[in-house]
Every structure is written in C-alpha cells, then in structure tokens.
Amino acid sequence: MRLVLDTNVLVSALVTPGGSPFRVYARCLEPDIVLLTSAPLIAELRGVMSQKFAWPSEEIDEAIAELLLASEVVEPAEAVRDVPDDPDDDRVLEAALAGEAELIVSGDRHLLRLDEWQRIPILRPREALDVIGEAEE
C-alpha cells in the first residue's frame with residue numbers, strides 16, 4: 001500500500017511514542033508499505049520540530065534521515081488548491097497525487113473534512129491502523 005502521512009501524524013509519532021500515530025509510522029517501516037513524502041513535507045516537519053518543539057538540529061536530522069530511509073520522496077508536478085482554509089495542507093495532497101497514494105493519514109480537521117480526495121481515503125491514524133494493520137514485532 002502507498003500512503004502519505006501528514007506532518008501532524010509524523011510529529012505526533014516522534015513526540016509521543018506508543019500512540020496511534022507512532023504505531024502507523026512503525027507500520028510504514030514494514031516492506032509492504034510505501035511511505036510517500038516530498039521536500040515541502042520534509043521542510044515542514046523540520047520547521048515544526050525546530051520551532052514548536054525546540055528539538056536540537058542533530059535530533060531532527062536523525063529523525064529525517066530515518067524518515068528518508070523508509071520513504072519514497074516524490075516531486076509534486078501539479079499544484080493543488082483544494083484546502084482554502086489551510087493551503088499548507090495542499091502539500092499533503094500534492095505528495096499523494098505525485099506518489100499515486102492509496103491512503104492519506106492525517107489528524108488535521110481541514111483534510112479530514114474532505115473524507116477522501118481524488119478517490120484517496122483520508123483517515124485518522126487509529127482508522128488507518130484498521131486498514132493497514134499493526135507492525136510485526
């Protein structure tokens with residue numbers, strides 16, 4: 001399965017190990033899942049971890065290096081403007097489109113309000129676990 005994790009899911013996974021976002025991220029490290037990301041999403045993750053959580057740059061670099069090892073980095077070719085209340089959320093949709101995602105996982109109300117986009121379901125982390133299952137121990 002090919003999926004995109006919204007930045008808020010990745011942040012939650014990094015900050016709160018053990019919760020649903022963490023379990024989804026752990027599942028994305030399994031070989032049957034293709035985690036999709038893009039340069040704008042990585043930049044957003046770096047900014048949030050630095051500015052909002054004051055993580056040291058070395059820890060941010062390590063987290064992003066792990067993310068990159070587990071991900072397919074896509075280059076969005078098409079600009080999307082489908083989330084007028086929060087245009088930054090369009091970056092998630094652009095990555096999903098570029099990577100031919102089958103699922104978007106988000107905790108963001110603007111994205112969740114869409115329910116699905118271009119036939120791609122948008123689910124909360126807990127709901128996504130029902131679809132993708134738990135990571136093997």
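What follows draws every value from the coordinates through simple rules; no lab data is involved. Computed from a predicted structure; not experimentally measured. All Cβ positions, even for glycine, are placed from backbone atoms using ideal geometry, and neighbour counts span all protein chains on display.
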(message) So, R0 is 22 Å and r is the distance between the beta-carbons of Asp32 and Leu112; what FRET efficiency does that work out to, to 0.05?
(response) 0.30
(message) Ranking request for peptides 47-57, 12-22: highest mean number of other beta-carbon atoms within 10 Å first, then the rest in descending order.
(response) 12-22, 47-57
(request) Give the residue from Val4, Leu69, Val34 lying farthest towards the positive end of the charge dipole for the chain; charges sit on Cβ (+1 for Lys and Arg, -1 for Asp and Glu) and the dipole is referred to the Cα centre. (result) Val4
(message) Against the empirical 2.2 N^0.38 Å scaling, what ratio does the C-alpha Rg of the chain come to?
(response) 0.96
(message) Report the gain in length on full extension from Ala54 to Thr16: 0.36 nm times residue separation, minus Cα-Cα distance, nm rounded to one decimal.
(response) 12.2 nm
(request) Provide the per-residue ³J(HN,Hα) series for region 87-93, in order, calculated from phi with Karplus coefficients 6.51, -1.76, 1.60 and θ = phi - 60°, each as a whole number of Hz, with x at glycine and proline positions. (result) x, 4, 5, 4, 4, 5, 5
(message) Ranking request for peptides 126-133, 38-45: highest mean number of other beta-carbon atoms within 10 Å first, then the rest in descending order.
(response) 38-45, 126-133
(message) Can you give me the long-range amide H partners of Val34? Hydrogens built in the peptide plane at 1.01 Å from N, cutoff under 5 Å, separation of 5 or more residues or another chain.
(response) Arg2, Leu3
(message) If each DSSP helix of 4+ residues adds -39,500 (n - 2.57) and the sum is divided by the residues in the chain, what number results at 222 nm, nearest 500 deg cm²/dmol?
(response) -14500 deg cm²/dmol
(request) Starting from the Cα-Cα distance between Val73 and Arg2, subtract it from 0.36 nm times their residue separation and give me the gain in nm to one decimal. (result) 24.4 nm
(message) Check which residues have an amide H placed less than 5 Å from Trp117's amide H, if you skip close sequence neighbours.
(response) Ile122
(request) Considering Cα pairs under 8 angstrom that are at least six residues apart, work out the relative contact order of region 2-132 and quote it in whole percent. (result) 32 percent
